[in-house]
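Visitor: Please find one structure pasted underneath; my questions will follow.
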Amino acid sequence: MTGQPGEDYREISFDDRMEGTEFRVSERAHITVDTEVCDSCTVRSCLHVCPAKLFVPRADGGILFNFEQCFECGACYQVCDAEGAITWTYPDGGLGVVFRKG
Amino acid sequence: MTEPSYAGPVSASALLQQPPPARDFDVLVVGAGPAGSAAALAAARAGCSVALLERGPYPGSKNVYGGVVYGRILDELVPQWWEEMPVERWVTRRSTMVMTADQALTVDFRSQRWGTAPYNGATAHRSDLDGWLAGHAVAAGAVLVPATVATGLLRTTAGTVVGVRTDRPDGDLTAKVVIACDGVNSFLAKEAGLHPRQDNARHLTLGVKETLALPREVIEQRFGLTGRDGQDIEILGCTRGIPGGGFLYTNLESVSLGVVVGLPGLAAAKVRPEELLADLKAHPAIAPLVRGGRQVEYAAHLIPEGGYDHLPELAGDGLLVAGDAAGMCLAAGIWLEGVNFAIGAGMYAGRAAAAAIGAGDTSQAGLAGYRRALERSFVLADHRKLRKVPGLVLSERMQRQYPGLICDLAEGLFEVDNPRPKPGVWRLLRTAVRRHDISPRRLLADAITGMRAFG
Ligand SMILES: Cc1cc2nc3c(=O)[nH]c(=O)nc-3n(C[C@H](O)[C@H](O)[C@H](O)COP(=O)(O)OP(=O)(O)OC[C@H]3O[C@@H](n4cnc5c(N)ncnc54)[C@H](O)[C@@H]3O)c2cc1C
Ligand code: SF4
Ligand code: SF4
């Protein structure tokens with residue numbers, strides 16, 4: 001589209017984007033990813049659909065996953081077809097994302 | 001207690017050999033979203049003892065929507081609701097914008113009637129709105145249990161639902177009827193086998209939303225608003241051809257800007273959702289409206305868009321499902337009404353549960369009044385009527401071809417290129433149809449589908 005390079009709002013970094021959202025981070029990882037399964041995955045849908053960008057490609061071609069800043073939306077387990085790659089649960093009561101402007 | 005189990009796609013029911021002789025509550029509602037609070041409110045008003053479980057620290061803390069709630073259904077539950085509902089702005093301007101990269105056609109309607117009682121739509125934040133409705137359930141006698149996850153159903157070996165397991169130390173809660181209002185992922189309804197197929201990603205869209213702070217006067221000037229008046233803008237053609245749409249809503253001192261896109265389409269296009277947001281923010285029709293807005297929160301949530309043809313079973317033995325948990329959101333890219341449907345469904349579920357308990361039969365058959373009430377009400381009547389619309393709005397043609405067609409048509413009509421004589425509409429249409437490689441027969445068929453659905 002016609003974005004003007006240099007216009008401030010296009011430059012918001014992903015970290016800045018996430019900064020306003022509150023997370024009460026749990027000690028238990030509510031989502032875990034068996035990255036060995038990912039090694040043989042070619043579609044890698046999670047890289048695109050995870051709105052919090054928690055799946056990141058590693059230099060060696062693998063996948064790195066962080067659970068902390070998760071919206072608990074469910075997009076990742078819904079698109080991932082690989083059996084056993086994602087173990088998905090809700091965080092324990094009261095923990096995880098806390099929206100104020102949802 | 002046994003080893004901890006968690007709520008998720010693989011959560012399993014805890015089985016009891018015998019139904020518990022006594023129950024902690026008549027009705028247990030899982031999820032304090034609009035469906036759950038309406039269910040708890042209706043059941044408590046009908047004289048039931050009710051618990052309302054919510055996994056977030058407060059109602060609304062896990063919930064995200066675009067931002068407009070249509071409150072008419074509340075007339076039945078909270079008379080004069082408009083005098084107390086926590087509203088940002090009353091929607092007096094509703095617009096639909098169809099865009100290409102450098103064109104936009106907006107249909108803009110304003111009614112000042114919607115800015116006075118009994119009102120029509122309002123913008124509100126979910127933390128305020130959901131908390132307010134849950135407060136009414138509590139005032140009616142329901143017990144709100146926040147920061148508590150229902151991790152699975154409690155069922156007898158015969159399959160009857162008799163309660164839920166929670167992640168609290170004291171564990172299990174029993175009830176005569178469980179109402180699952182646990183939202184789009186609804187692990188409880190899936191666990192009970194009410195959803196025909198586990199895999200419904202095809203009918204899910206992902207919504208991402210930025211809340212951008214702007215001074216009140218700036219919003220009034222940019223959107224042409226006065227006092228508490230507000231505008232909602234639905235947008236088609238802003239998703240790079242991925243099935244979906246966008247929205248821009250005005251709050252009192254912020255605007256909500258978002259895009260909604262089909263999950264499979266997003267994955268296939270290898271585009272990230274925030275890239276679509278960046279496109280939208282830079283679009284010539286949107287940039288001047290949001291310029292300088294400071295992002296205060298970023299949020300994301302799934303939406304069930306299957307519509308009437310993909311509803312699950314709505315009742316089991318001892319179990320009802322309402323709201324997004326049953327896919328009752330009326331959604332099709334640009335079109336998002338879920339809160340009102342959730343409130344309606346929750347209300348009928350609460351009443352049906354109370355009636356079944358009163359009659360002493362909480363089996364699936366005893367709870368069948370729920371579906372009948374929904375079919376008679378707007379909840380399923382609208383879904384039935386509009387069952388073809390999600391397919392149409394999310395179709396390739398609507399997403400990739402029609403925005404360009406519509407904008408070119410408008411451009412042709414409005415462009416003045418004297419000394420050439422003005423072209424006729426039919427010639428413009430023929431040219432645009434050819435340019436966008438559209439089959440005239442499909443166009444006609446879609447127009448008829450559209451007119452039938454809305455007519
Ligand atoms: C981006 C976006 C834009 C939208 N725009 C609009 C709009 O403008 N207007 C509109 O009317 N609708 C809109 N919708 C749809 C609307 O948000 C939903 O239809 C509506 O929230 C459904 O209400 P619900 O009560 O069924 O579910 P939810 O609001 O999702 O509530 C479910 C509740 O259950 C809780 N819960 C879930 N699992 C458990 C568990 N195991 N234990 C305890 N608690 C649990 C959750 O924390 C949550 O509070 C939008 C949705 C999205 C995502
Ligand atoms: S999480 Fe699933 S989609 Fe993502 S890389 Fe691993 S296997 Fe592939
Ligand atoms: S639940 Fe949503 S935000 Fe969390 S990891 Fe999965 S896709 Fe990302």
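The values are calculated or read from the model by the stated rules, or taken from the named source; none is laboratory data. Everything numeric here is computed off the predicted structure, so don't read it as measured data. Using ideal geometry, Cβ is built from the backbone for each residue, glycine included, and neighbour counts are taken over all protein chains shown. Accessible surface areas use protein heavy atoms only, side chains included; no ligands, DNA or RNA. Shrake-Rupley method; radii C 1.70, N 1.55, O 1.52, S 1.80 Å.
Visitor: Restricting to segment A:49-67, give me the number of residues that are more than 10 Å from ligand 3 (Cβ to nearest atom), within 21 Å of A:Met18 (Cβ to Cβ) and not aliphatic (A, V, I, L, M). Let's see the steps before the verdict.
Guide: Start the filter on segment A:49-67 by keeping residues that are more than 10 Å from ligand 3 (Cβ to nearest atom), which leaves A:56-64.
Checking which are within 21 Å of A:Met18 (Cβ to Cβ) leaves us with A:56-58, A:63-64.
Retained after the next criterion (residues that are not aliphatic (A, V, I, L, M)): A:57-58.
Total meeting the criteria: 2.
Visitor: Right, another one. Go through (1) crowded, with 23+ Cβ neighbours inside 10 Å; (2) out of contact with any strand residue (DSSP E or B) (no Cβ under 9 Å at 6 or more places or on another chain) and name the single condition B:Pro288 misses.
Guide: (1)
Visitor: Here's another thing I want to ask about it. Which is in contact with a strand residue (DSSP E or B) (Cβ under 8 Å, 6 or more places away or on another chain) and either within 16 Å of ligand 2 (Cβ to nearest atom) or open to solvent by 10 Å² or more (accessible area, probe 1.4 Å) (or both), of B:Val271, B:Val296, B:Val255?
Guide: Being in contact with a strand residue (DSSP E or B) (Cβ under 8 Å, 6 or more places away or on another chain) and either within 16 Å of ligand 2 (Cβ to nearest atom) or open to solvent by 10 Å² or more (accessible area, probe 1.4 Å) (or both) holds for just one of B:Val271, B:Val296, B:Val255, which is B:Val296.
Visitor: On to the next question. With the structure loaded, tell me whether B:Val30 is facing chain A (nearest Cβ under 9 Å) and under 23 Å from B:Asn185 (Cβ atoms) or whether it fails that test.
Guide: Here the answer is no, as B:Val30 does not meet what is asked.
Visitor: Considering each residue of segment A:55-83, count those that are more than 10 Å from ligand 2 (Cβ to nearest atom) and in contact with a strand residue (DSSP E or B) (Cβ under 7 Å, 6 or more places away or on another chain), and give that number. Show your work before the answer.
Guide: Initial filter on segment A:55-83 (more than 10 Å from ligand 2 (Cβ to nearest atom)): A:56, A:58-61, A:64, A:66-75, A:78.
Checking the rest, the ones that are also in contact with a strand residue (DSSP E or B) (Cβ under 7 Å, 6 or more places away or on another chain) come to A:56, A:58, A:64, A:67-75, A:78.
Within segment A:55-83, residues that are more than 10 Å from ligand 2 (Cβ to nearest atom) and in contact with a strand residue (DSSP E or B) (Cβ under 7 Å, 6 or more places away or on another chain) number 13.
Visitor: In segment B:302-344, what residues are among the β-branched types (Val, Ile, Thr) and out of contact with any Pro (no Cβ under 6 Å at 6 or more places or on another chain)?
Guide: Passing the criteria: B:Ile303, B:Val321, B:Ile334.
Visitor: Let me ask another. Test of understanding: among A:Cys38, A:Cys70, A:Cys46, which residue is open to solvent by less than 30 Å² (accessible area, probe 1.4 Å), within 23 Å of B:Ala201 (Cβ to Cβ), away from ligand 3 (no atom under 11 Å from the Cβ) and modelled with pLDDT of 95 or more?
Guide: Step by step, each of A:Cys38, A:Cys70, A:Cys46 is checked, and only A:Cys38 is open to solvent by less than 30 Å² (accessible area, probe 1.4 Å), within 23 Å of B:Ala201 (Cβ to Cβ), away from ligand 3 (no atom under 11 Å from the Cβ) and modelled with pLDDT of 95 or more.
Visitor: Is it fair to say B:Asp417 is touching a residue at least 24 places away in the same chain (Cβ under 8 Å) and charged (D, E, K, R)? Let's see the steps before the verdict.
Guide: Values: touching a residue at least 24 places away in the same chain (Cβ under 8 Å): no; charged (D, E, K, R): yes.
No: the conditions fail for B:Asp417.
Visitor: Given the conditions (1) surrounded by 14 or more Cβ atoms within 10 Å (Cβ to Cβ); (2) within 14 Å of chain B (Cβ to nearest Cβ); (3) more than 16 Å from ligand 1 (Cβ to nearest atom); (4) more than 22 Å from B:Ser11 (Cα to Cα), and given that A:Val56 satisfies all but one, which numbered condition is not satisfied?
Guide: With respect to (1) surrounded by 14 or more Cβ atoms within 10 Å (Cβ to Cβ); (2) within 14 Å of chain B (Cβ to nearest Cβ); (3) more than 16 Å from ligand 1 (Cβ to nearest atom); (4) more than 22 Å from B:Ser11 (Cα to Cα), A:Val56 is out only on (1).
Visitor: Under the condition of being in contact (Cβ under 8 Å) with a residue 60 or more places away in the chain and more than 7 Å from chain B (Cβ to nearest Cβ), which residue from segment A:71-96 is nearest to A:Arg17 (Cα to Cα)?
Guide: So in segment A:71-96, the residues in contact (Cβ under 8 Å) with a residue 60 or more places away in the chain come out as A:90-92, A:94-96.
Next cut, more than 7 Å from chain B (Cβ to nearest Cβ) only: A:91, A:95-96.
Numbers: A:Pro91: 22, A:Leu95: 21, A:Gly96: 17 Å.
Residue satisfying both the conditions and the ranking: A:Gly96.
Visitor: Within segment A:2-9, is there a residue that is outside any loop (DSSP other than H, G, I, E, B), at pLDDT below 95 and within 9 Å of chain B (Cβ to nearest Cβ)?
Guide: yes
Visitor: Of (1) open to solvent by 10 Å² or more (accessible area, probe 1.4 Å); (2) part of a loop (DSSP other than H, G, I, E, B), B:Gly8 satisfies all except one. Which?
Guide: (1) is the only condition that B:Gly8 fails.
Visitor: Hey, which of the helices (runs of 4 or more DSSP H) in segment B:338-455, taking only ones fully inside, have at least 3 residues that are within 30 Å of B:Asp26 (Cα to Cα) and touching an Asp or Glu at 6+ places or on another chain (Cβ under 9 Å)?
Guide: Of the helices (runs of 4 or more DSSP H) lying wholly inside segment B:338-455, those with at least 3 residues that are within 30 Å of B:Asp26 (Cα to Cα) and touching an Asp or Glu at 6+ places or on another chain (Cβ under 9 Å) span B:339-359.
Visitor: I'd like the full set of residues that are within 14 Å of another protein chain (Cβ to nearest Cβ), part of a strand (DSSP E or B) and charged (D, E, K, R), limited to segment B:121-176.
Guide: The one that is within 14 Å of another protein chain (Cβ to nearest Cβ), part of a strand (DSSP E or B) and charged (D, E, K, R): B:Arg165.
Visitor: Which of the residues that make up segment B:104-119 are open to solvent by 40 Å² or more (accessible area, probe 1.4 Å) and either more than 23 Å from B:Leu236 (Cα to Cα) or under 16 Å from the mean Cα position of the chain (by Cα) (or both)?
Guide: Selection gives B:Gln112, B:Arg113, B:Trp114, B:Thr116, B:Ala117, B:Pro118, B:Tyr119.
Visitor: Evaluate the following for B:Arg240: is it open to solvent by 10 Å² or more (accessible area, probe 1.4 Å) and within 14 Å of chain A (Cβ to nearest Cβ)?
Guide: When the stated conditions are applied, B:Arg240 passes them.
Visitor: Tell me, please, whether a residue that is without any contact (Cβ under 8 Å) to a residue 60 or more places away in the chain and in contact with an Asp or Glu (Cβ under 6 Å, 6 or more places away or on another chain) can be found in segment B:70-91.
Guide: Step one: list which residues in segment B:70-91 are without any contact (Cβ under 8 Å) to a residue 60 or more places away in the chain, which gives B:75, B:78-86.
Now narrow it down to the ones that are in contact with an Asp or Glu (Cβ under 6 Å, 6 or more places away or on another chain): B:86.
Checked segment B:70-91: at least one residue is without any contact (Cβ under 8 Å) to a residue 60 or more places away in the chain and in contact with an Asp or Glu (Cβ under 6 Å, 6 or more places away or on another chain).
Visitor: List, please: which pairs have Cβ atoms under 9 Å, are six or more places apart or on different chains, and start with a residue in segment B:253-281 that is facing chain A (nearest Cβ under 7 Å) and end with one that is aromatic (Phe, Trp, Tyr)?
Guide: These pairs meet every condition: B:Glu274/A:Phe14; B:Glu274/B:Tyr298; B:Ala278/A:Tyr9; B:Lys281/A:Tyr9.
Visitor: Scan segment B:140-185 for residues that are under 30 Å from A:Cys76 (Cβ atoms), in contact with a Phe, Trp or Tyr (Cβ under 7 Å, 6 or more places away or on another chain) and open to solvent by less than 10 Å² (accessible area, probe 1.4 Å) and report the count.
Guide: Within segment B:140-185, residues that are under 30 Å from A:Cys76 (Cβ atoms), in contact with a Phe, Trp or Tyr (Cβ under 7 Å, 6 or more places away or on another chain) and open to solvent by less than 10 Å² (accessible area, probe 1.4 Å) number 2.
Visitor: Report, by residue number, each residue of segment B:194-221 that is more than 14 Å from chain A (Cβ to nearest Cβ) and either under 23 Å from the mean Cα position of the chain (by Cα) or closer than 28 Å to B:Tyr402 by Cα (or both).
Guide: Residues satisfying the conditions are B:Leu194, B:Pro196.
Visitor: Output the strands (runs of 3 or more DSSP E) that fall wholly within segment B:41-103 and possess 1 or more residues being within 21 Å of B:Asp324 (Cα to Cα), touching a Ser or Thr at 6+ places or on another chain (Cβ under 6 Å) and open to solvent by less than 30 Å² (accessible area, probe 1.4 Å), or say none.
Guide: Where strands (runs of 3 or more DSSP E) fall fully within segment B:41-103 and carry at least 1 residues being within 21 Å of B:Asp324 (Cα to Cα), touching a Ser or Thr at 6+ places or on another chain (Cβ under 6 Å) and open to solvent by less than 30 Å² (accessible area, probe 1.4 Å), they are B:50-53, B:68-70.
Visitor: Confirm whether A:Arg28 is at the interface with another protein chain (Cβ under 9 Å from one of its Cβ atoms), modelled with pLDDT of 95 or more and farther than 27 Å from B:Tyr65 by Cα.
Guide: The answer is yes for A:Arg28.
Visitor: Moving on to the next point. For segment B:265-290, name all the residues that are within 14 Å of B:Val208 (Cβ to Cβ) and part of a loop (DSSP other than H, G, I, E, B).
Guide: B:Val271, B:Arg272
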